[in-house]
Each structure stands twice: as C-alpha cells, then as structure tokens.
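Chemist: Pasting a structure here, questions to come.
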Amino acid sequence: MLVAYEILLMLDPELPEQRQEEIVKRTSDLVKDAGGKWVGHDAWGRRRLAYEIAHKPEGTYHLLNFDAEPETLEELSRILRITDGVMRHLAVRRIEGGSPGPPPEPEPEPEAVPEPAYAEANTSSEEE
C-alpha cells in the first residue's frame with residue numbers, strides 16, 4: 001500500500017545547481033523504480049540556519065512529495081544519509097492539503113539603539 005510522504009531536504013548551499021538537481025532526480029528515480037508515485041518538488045531556496053551545521057550558516061531547502069511503500073522510504077533515507085552535499089533531511093507522512101509553503105524570510109533586525117548615557121551620581125556633600 002502506498003503512503004503519502006514528504007521529505008524536507010537541506011543541501012549544502014555551496015553545491016552547484018546541477019548537483020542539487022541530480023540529488024532530487026535520483027530521489028525521484030528511486031521512488032518511481034520502486035513502484036511509487038512522484039507527486040512534486042518545491043525548491044524553497046537558501047535559508048539562514050538557526051545554528052551552523054558543518055561551519056555553514058545557510059542551507060538550500062527542497063520539499064519533495066511522493067507516494068511510496070515504507071520500505072522505499074527506509075532505502076531513500078539510507079541513501080540520503082550517505083550522499084555528499086545533503087546536510088540534513090526529514091521524512092514525514094504527508095497530510096493532503098496540508099503541504100506548507102516556504103517559511104517567510106525573517107525581517108532584518110532593527111539597528112541597535114545605543115543606551116543613554118547617565119550622569120554619574122553626585123557623591124560629594126555640600127557643606128556651608
């Protein structure tokens with residue numbers, strides 16, 4: 001029985017576009033060869049990471065949607081773990097109609113406002 005899956009794939013941002021397409025095509029071919037159905041691919045582009053992975057502050061994201069047997073997903077995850085250029089991947093069951101778009105770009109942080117300088121407290125006492 002085919003199950004609906006999606007994989008969020010994070011690739012090295014320094015990979016050439018052609019190599020990124022090869023990784024996505026290889027994934028698609030593996031799904032089709034195993035009797036699955038390729039639903040689609042949505043390239044989200046470069047995004048800043050919350051923390052660096054392998055000294056890289058950004059990653060290139062791709063959302064892959066397909067229907068496949070659970071064994072196919074296991075094999076696909078195994079291949080993605082050992083593929084050069086794949087920084088991370090997360091496979092989950094896809095909920096029909098629930099596929100999100102890419103997250104919004106974070107707004108640039110406002111310029112830091114310098115703290116006001118306070119006058120030093122007068123510690124001397126006035127005597128008349």
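Chemist: Does Thr60 fit the bill of being at pLDDT 85 or above, more than 15 Å from the chain's Cα centre (by Cα) and either exposed (fewer than 10 other Cβ atoms within 10 Å of the Cβ) or hydroxyl-bearing (Ser, Thr, Tyr) (or both)?
Modeler: no
Chemist: Which members of the stretch 29-57 meet the condition of being among the basic types (Lys, Arg), over 13 Å from Glu6 (Cα atoms) and over 19 Å from the mean Cα position of the chain (by Cα)? Reasoning before the result, please.
Modeler: Filtering the stretch 29-57 for residues among the basic types (Lys, Arg) gives 32, 37, 46-48, 56.
Next cut, over 13 Å from Glu6 (Cα atoms) only: 32, 46-48, 56.
Residue satisfying the conditions is Lys32 alone.
Chemist: I'm trying to understand the selection: among the residues of the stretch 1-44, which are among the small types (Gly, Ala, Ser) and in contact with a His (Cβ under 8 Å, 6 or more places away or on another chain)?
Modeler: Ser28, Ala43, listed by residue number.
Chemist: Hey, another quick one. For the stretch 52-84, which residues satisfy the criterion of being assigned to a loop (DSSP other than H, G, I, E, B) and under 17 Å from Leu8 (Cβ atoms)? Working first, answer last.
Modeler: Quick first cut of the stretch 52-84, residues assigned to a loop (DSSP other than H, G, I, E, B) only: 54-55, 69, 83-84.
Listed by number, the list holds a single entry, Thr83.
Chemist: Scanning the stretch 1-19 for residues that are among the aliphatic types (A, V, I, L, M) and not in a loop (DSSP other than H, G, I, E, B), which turns out surrounded by the fewest Cβ atoms within 10 Å (Cβ to Cβ)?
Modeler: Val3
Chemist: Could you grab me the full set of residues in the stretch 85-96 that are of a type in the set (Val, Ile, Thr), farther than 17 Å from Leu15 by Cβ and at pLDDT 90 or above?
Modeler: Hit for the stretch 85-96 is Val92, nothing else.
Chemist: While we're looking at this one, here's another question. Applying the selection to the stretch 31-49, what residues are more than 13 Å from Asn65 (Cα to Cα) and surrounded by 14 or more Cβ atoms within 10 Å (Cβ to Cβ)?
Modeler: Across the stretch 31-49, the qualifying residues are Ala34, Trp44, Arg47, Leu49.
Chemist: Do the conditions hold for Glu22, that is, is it outside any helix (DSSP H, G or I) and modelled with pLDDT of 90 or more? It would help to see each step written out before you state the result.
Modeler: Values: outside any helix (DSSP H, G or I): no; modelled with pLDDT of 90 or more: yes.
No.
The values are calculated or read from the model by the stated rules, or taken from the named source; none is laboratory data. Since the structure is predicted, the reported quantities are computational estimates derived from the model, not experimental observations. Note: ideal-geometry Cβ built from the backbone for every residue, glycine included; neighbour counts use all protein chains shown.
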